[in-house]
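Visitor: This is the structure I want to talk about, given as structure tokens.
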Amino acid sequence: MNARGLLRALPTMLRVSFAESVAYRAEMFVWVLSTTMPLVNMVLWMAVAKSAPVGNFGQADFVGYFLATFAVRQLTSAWAAWLINWEVKQGTLAMRLLRPISPLWGYASDNVAGFPMRVVVALPVVLLSIALVGADKAVPQHAWQWGLFLVAVLGGWAITFLANVAIGALSLFLDSSQKMMEVWMVLFFVCSGYMYPVEFLPEGLRTVIDWLPFRYQMGLPVELMTNAHDLPTALGLVARQWAWVLGMGALAVGLWKQGVKRFAAFGG
Amino acid sequence: MISVHGLRKHYKVHKRPPGLKAALRSLFHRTYTSVKAVDGISFDIRPGERVGFLGPNGAGKTTTLKVLSGLLHPSEGEVRVDGHVPRLREEAFLKKIMLVMGQKQQLLWDLPPAETFELNRAIYDVPTLQYKQTLDELVGLLEIGDLIGKPTRQLSLGERMKCELAAALIHRPRVLFLDEPTIGLDVSMQATMRTFIKDYNEKYGATLILTSHYMDDVAALCPRVIVIDKGLLSYDGSLEALVQRVRPEKRVVLRLSEVVDASRLESLGKLVTHEAGTAVLQVKQDAVNATISRALSGLPVTDLTVENAPLEEVMSELFAENKARRLQAAESVPA
Amino acid sequence: MVRRYLRLLTVQLKASGLQALQYRADFFTDGFTSLCWVFTALAPLFVVYSSRPEVEGWSFGEALLVVGWFTLLQGILEGAINPSLTGVVEHIRKGTLDFVLLKPADAQFLVSTQRFLPWRAFNVLTGLGLFIYAFLLLGRGPSPLGLLTSLLLLGTSTVLLYSLWILTVSAAFFVVRVDNLTYLFTSIFDFARWPSSVFKGVAKGALTLVFTYVIPLALMTTFPAEAMLGRLPALSLVGAVVGSAAFAWVARRVWIRSIGHYTSASS
């Protein structure tokens with residue numbers, strides 16, 4: 001579809017997707033309740049930091065960090081891999097392919113339209129965090145920090161979404177890419193700063209993680225939210241993040257195109 | 001409008017043999033078997049025609065529809081729909097066609113159908129005025145005015161199918177593929193759908209290909225039928241001629257005022273059924289007149305009609321014939 | 001009566017077993033993902049214990065025992081409990097639960113034995129592996145009495161897990177559209193991956209109370225680990241046995257009420 005047609009179609013697509021996300025609010029609530037991992041790890045680290053701080057982190061820092069993790073997780077999550085897997089299995093992907101617009105736009109609009117509902121969930125957690133540990137440990141302090149934080153959240157979401165598309169596209173080659181998604185999730189949990197701040201990892205490991213996409217999905221937005229970096233460092237990290245957005249985008253679109261070709265050859 | 005020449009679609013299907021060793025081996029080295037879903041068929045369809053695809057399950061009907069709508073790439077052969085090559089999935093092509101599948105839906109499950117209509121308007125880039133016109137017309141003809149504001153999940157199957165059809169026609173497709181559109185619907189709903197589909201075809205001159213298990217759909221809608229069996233085209237022509245060819249016999253239905261011995265009826269022709277005052281006889285076409293006059297003169301007949309054999313019977317006979325021919329062919333091949 | 005149900009169970013297990021044999025390669029893929037997930041449970045511990053020799057009275061090896069129990073129970077949860085849970089939620093959504101209720105056997109029994117995923121038992125193996133590794137680190141073995149007690153606690157933990165599951169399923173009768181229930185259930189279970197004493201410092205001990213009495217996660221993983229170490233107080237053992245029995249009883253009552261609600265409310 002040409003850019004003008006797409007621009008004309010997108011507002012309606014987003015509006016309908018938003019109506020859908022409102023219809024699924026009960027589901028979303030359950031999903032939010034099940035995001036317990038940051039809290040599980042928060043209590044562990046609070047117990048650890050009870051007697052003396054760990055590195056730069058005292059108990060309050062951990063509370064700020066993990067509540068920020070919770071909020072960022074809400075804002076950057078994507079479930080396109082799951083959806084693509086399901087639609088391939090059910091054969092309903094065919095209905096999407098009949099339309100004169102790439103299904104990827106449909107998946108993206110579904111995810112983006114969930115944003116307002118997710119902000120509604122994330123906001124109280126952020127407010128709670130401010131009440132518990134003070135604004136300086138919970139939210140950005142300067143305009144530039146806010147700006148970079150928002151860019152980083154967007155970038156984190158983009159990497160997550162595009163990785164989802166890439167893995168979802170694999171289900172067009174394999175019987176199911178669900179297991180692949182699980183492996184990705186494990187790497188995400190371990191490498192992203194979701195379970196512990198990445199600065200606690202030994203030096204060598206951190207260098208590796210700096211080159212992997214996971215930290216830019218979760219750790220970077222959280223660090224920017226809790227004011228862990230000065231401007232030059234933050235800019236450098238955000239630049240790396242967006243390099244990953246581009247790389248992941250190329251991979252996702254490439255895999256998707258190949259996958260659809262194969263889908264047409266083998267049938268759904 | 002549609003031309004298909006030598007279309008073949010072979011699938012490679014991955015076989016997972018039983019056994020742990022084999023399962024492990026299949027992780028690295030997969031064995032495939034080739035399935036010939038469509039094995040060389042050709043036909044042409046003129047603009048505005050209504051054509052029925054007939055064939056037993058697994059004959060290749062749905063595969064052909066999917067190839068025509070660009071969802072599947074043909075393995076061999078040439079396919080054109082209104083000048084487009086479907087597998088290129090050009091935007092202009094996708095805007096001209098629609099595939100409706102009775103078993104798969106495009107309506108958003110938890111939102112009212114009106115939202116899906118709106119979404120399709122945006123995606124197909126339908127001008128607002130035309131959209132309003134089309135929608136009003138669809139809502140009026142299908143009588144779905146009360147339904148399109150309710151969440152799809154609350155609609156009955158028939159109501160949902162009507163809305164599904166409306167959603168498919170928002171962009172006024174010029175070629176409409178219908179795959180089992182009336183499956184699971186009750187008789188009156190089937191009739192409504194048929195009338196509507198026919199009206200749409202006549203009003204907009206849309207070309208229409210239909211597959212259905214309900215012969216009534218085909219009989220009511222399609223002057224021309226294409227029979228596909230085991231991936232091969234086994235008949236292309238009018239429905240009437242097909243019936244003539246497979247089952248030239250007519251059925252004479254007699255209503256009798258008193259009980260008549262079966263042997264007396266059998267002397268008139270082949271007795272198909274005989275119960276409680278009604279007898280159905282099967283007779284050769286040229287013998288129909290003679291049979292009627294003999295029946296009227298010799299039996300207590302109160303009413304008499306002449307019919308064709310039911311379509312279902314005609315079709316099953318045709319498929320049985322094809323199967324017998326295939327078996328014969330297989331046997332005659334020297335080992 | 002009991003024999004009939006045992007026979008039913010055998011039939012259901014056999015069916016699941018045969019199905020699993022069809023997908024033998026799953027043994028390896030499930031095994032691989034199981035090891036991966038264990039790694040996510042271990043990673044924070046490695047990080048934590050690299051800066052502290054001991055957390056809330058638990059050394060690394062001892063905490064490893066808790067993770068071992070967590071993994072083992074996760075195997076039971078995913079292999080024997082979750083598949084059926086998903087099945088019931090599906091039944092309720094599609095309205096096919098009626099078929100189950102029509103059958104001349106206890107509905108709770110039928111729905112909770114309808115599907116097993118034997119390959120998920122790989123988690124049980126991983127859990128046992130963690131026990132061995134933990135005791136190697138600790139430089140001693142468990143006492144025979146400790147082992148025996150922990151086996152008993154394995155029973156009570158399974159009963160607890162199962163009862164919590166029945167309670168969750170019962171919720172599915174009242175709340176519509178709960179496709180994510182399994183996910184919620186598993187993620188709450190995530191709290192059981194650390195020794196329960198780490199919760200002491202949070203919210204003035206309120207969490208400890210919750211995880212001991214309301215959602216008895218502490219009983220499931222921390223108690224058996226303590227029993228293996230031979231430091232579980234006798235009173236706690238009695239508490240675990242009585243508590244799990246009470247939970248099972250409550251779950252059964254709630255289930256019966258929910259079925260009543262379902263049959264009277266459905267159209």
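Visitor: Go through A:F173, A:A265, A:S102 and say which Cα lies farthest out towards the positive end of the charge dipole of chain A; charges sit on Cβ, +1 for Lys and Arg, -1 for Asp and Glu.
Guide: After comparing all options, I get A:A265.
Visitor: Can you give me the C-alpha center-to-center distance between the stretch C:208-265 and the stretch B:237-308, rounded to a whole angstrom?
Guide: 77 Å
Visitor: GNM, chain A, Cα, under 10 Å: largest mean-square fluctuation among A:T35, A:T160, A:T69?
Guide: Largest GNM mean-square fluctuation: A:T35.
Visitor: Here's a follow-up. Restricting the calculation to Cα positions, tell me the Rg (one decimal) and the Dmax (whole number) of the stretch A:1-111 in Å.
Guide: Taking only Cα atoms of the stretch A:1-111, I get Rg and Dmax of 20.1, 62 Å.
Visitor: Between the stretch C:45-73 and the stretch B:126-166, how far is it from one alpha carbon centroid to the other, in angstrom?
Guide: Rounded to whole Å, the Cα centres lie 61 Å apart.
Visitor: If you line up the long axis of helix A:103-113 against the longest principal axis of chain A, both from Cα atoms, how many degrees apart are they, to the nearest 10?
Guide: Roughly 40 degrees, rounded to the nearest 10.
Visitor: Give me the Debye-computed log₁₀ of I(q)/I(0) at q = 0.11, 0.20 Å⁻¹ for the stretch B:23-164, equal point scatterers on Cα only, no solvent, two decimals.
Guide: The computed values of log10 I(q)/I(0) come out as -0.61, -1.28.
Visitor: Over the stretch A:3-260, what percent of the accessible surface lies on carbon and sulfur atoms, probe 1.4 Å?
Guide: Of the solvent-accessible surface of the stretch A:3-260, carbon and sulfur hold 71 percent.
Visitor: Among the lysines, select those whose C-alpha is under 20 Å from the C-alpha of B:K12, and discard any that sit fewer than 8 residues away in the same chain.
Guide: In chain and number order, the partners are A:K89, A:K261, B:K36, B:K61, B:K66, B:K230.
Visitor: With a 1.4 Å probe and all protein chains left in place, how much accessible area per residue does the stretch C:2-259 have, in Å²?
Guide: Working: 11840 Å² over 258 residues.
Result: 46 Å² of accessible area for each residue.
Visitor: Give me Rg/Rg_expected for the stretch A:75-115, where Rg uses Cα atoms only and Rg_expected = 2.2 N^0.38 Å with N residues.
Guide: Values: Rg = 10.7 Å, N = 41, 2.2 N^0.38 = 9.0 Å.
Normalised Cα radius of gyration, the stretch A:75-115: 1.18.
Visitor: Using the crude model of +1 on Lys and Arg Cβ and -1 on Asp and Glu Cβ, and no other charge, please compute the dipole size for the stretch C:2-259 relative to its Cα centre, in debye to 20.
Guide: It works out to roughly 660 debye.
Visitor: Can you tell me the orientation of helix A:59-76 relative to chain A, as the angle in degrees between its alpha-carbon axis and the longest Cα principal axis, to the nearest 10?
Guide: Approximately 10 degrees, to the nearest 10.
Visitor: What does the convex hull of the alpha-carbon atoms of the stretch C:1-148 project to on average, in nm²?
Guide: For the stretch C:1-148, averaging the hull's shadow over all directions gives 12.2 nm².
Visitor: Within a 10 angstrom radius of each residue's Cβ in B:98-107, how many Cβ atoms of other chains show up on average? Whole number is fine.
Guide: Per residue, the number of nearby Cβ atoms from other chains is 3 on average.
Visitor: For the Cα atoms of chain C, what angle does the longest principal axis make with the long axis of helix C:122-138, in degrees from 0 to 90, nearest 10?
Guide: 20 degrees
Visitor: Let me ask something else about it. Which listed residue (C:F27, C:L125, C:T113) has the Cα farthest towards the positive end of the charge dipole for the stretch C:1-133, taking +1 on Lys and Arg C-beta and -1 on Asp and Glu C-beta about the Cα centre?
Guide: C:T113
Visitor: So for chain C, averaging the separation of alpha carbon pairs under 8 Å that are six or more residues apart and normalising by length, what relative contact order in percent results?
Guide: Details: 281 pairs, mean separation 67.4, N = 267.
It comes to 25 percent, rounded to a whole number.
Visitor: Also, quick follow-up: List the accessible area buried at the contact between B and C, summed over both sides and calculated with a 1.4 Å probe, in Å² to the nearest 100.
Guide: 600 Å²
Visitor: Output needed: percent of Cα pairs per 5 Å distance bin for the stretch C:2-259, bins running from 0 to the one holding the longest distance.
Guide: In whole percents, the pair-distance histogram is 1, 6, 12, 16, 18, 17, 13, 9, 5, 2, 1, 0.
Visitor: Which one, A:W45, A:I130, A:N85, is farthest towards the positive end of the dipole of the stretch A:1-153 when Lys and Arg carry +1 and Asp and Glu -1 on their Cβ?
Guide: A:N85
Visitor: For n ≥ 4 DSSP H runs only, could you compute -39500 (n - 2.57) per run for chain B, divide by its residues and tell me the 222 nm figure to the nearest 500? Intermediate results must be reported in sequence, preceding the final value.
Guide: Working: 12 runs with 134 residues, N = 335.
Taken over chain B, the calculation gives -12000 deg cm²/dmol.
Visitor: Also, quick follow-up: Using unit Cβ charges (K, R positive; D, E negative) and no other charged atoms, how large, in debye to the nearest 20, is the dipole of the protein assembly as shown about its Cα centre?
Guide: 1200 debye
Visitor: Counting helices only, and only those DSSP H runs with n ≥ 4, report the 222 nm mean residue ellipticity of chain A as the sum of -39,500 (n - 2.57) divided by its residues, in deg cm²/dmol to the nearest 500.
Guide: My calculation for chain A gives -25000 deg cm²/dmol from helical runs alone.
Visitor: At what distance in angstrom do the alpha carbon centres of the stretch C:128-195 and the stretch B:53-69 lie from each other?
Guide: About 51 Å separates the Cα centre of the stretch C:128-195 from the one of the stretch B:53-69.
Visitor: To continue, here is another question. Could you work out the helix-only [θ] at 222 nm for chain C, with each DSSP H run of four or more residues adding -39,500 (n - 2.57) and the total divided by the number of residues, to the nearest 500 deg cm²/dmol?
Guide: Computed ellipticity for chain C at 222 nm equals -24000 deg cm²/dmol.
Visitor: Take each of the peptides B:60-67, B:294-301, C:99-106, B:240-247, average the number of other beta-carbon atoms within 10 Å over its residues, and list them starting from the highest.
Guide: Values: B:60-67: 24.5, B:294-301: 14.0, C:99-106: 10.8, B:240-247: 16.1.
Descending packing order for the listed peptides: B:60-67, B:240-247, B:294-301, C:99-106.
Visitor: Something else about it: Could you quote the convex hull projected area for the stretch A:3-260, Cα atoms only and averaged over all directions, in nm²? Numbers along the way, then the final one.
Guide: Numbers: hull surface 58.4 nm².
Mean projected area for the stretch A:3-260: 14.6 nm², to one decimal.
Visitor: Evaluate the Kirkwood expression for the hydrodynamic radius of the protein assembly as shown, namely the inverse of the mean inverse distance over all pairs of different C-alpha atoms, and round to one decimal in Å.
Guide: Roughly 31.8 Å, rounded to one decimal.
Visitor: Using only alpha-carbon positions, what ratio does the radius of gyration of the stretch B:100-217 give when scaled by 2.2 N^0.38 Å?
Guide: 0.99
Visitor: How big is the charge dipole of chain B about its Cα centre, in debye rounded to the nearest 20, if each Lys and Arg gets +1 on its Cβ and each Asp and Glu gets -1 on its Cβ?
Guide: Charge dipole, chain B, about its Cα centre: 1600 debye, nearest 20.
The values are calculated or read from the model by the stated rules, or taken from the named source; none is laboratory data. Computed from a predicted model, the values in this text were never measured in an experiment. Here Cβ is always computed from backbone atoms with ideal geometry, including for glycine, and neighbour counts include all displayed protein chains. Areas reflect the complete protein model, heavy atoms only, side chains present, ligands, DNA and RNA absent. Shrake-Rupley method; radii C 1.70, N 1.55, O 1.52, S 1.80 Å.
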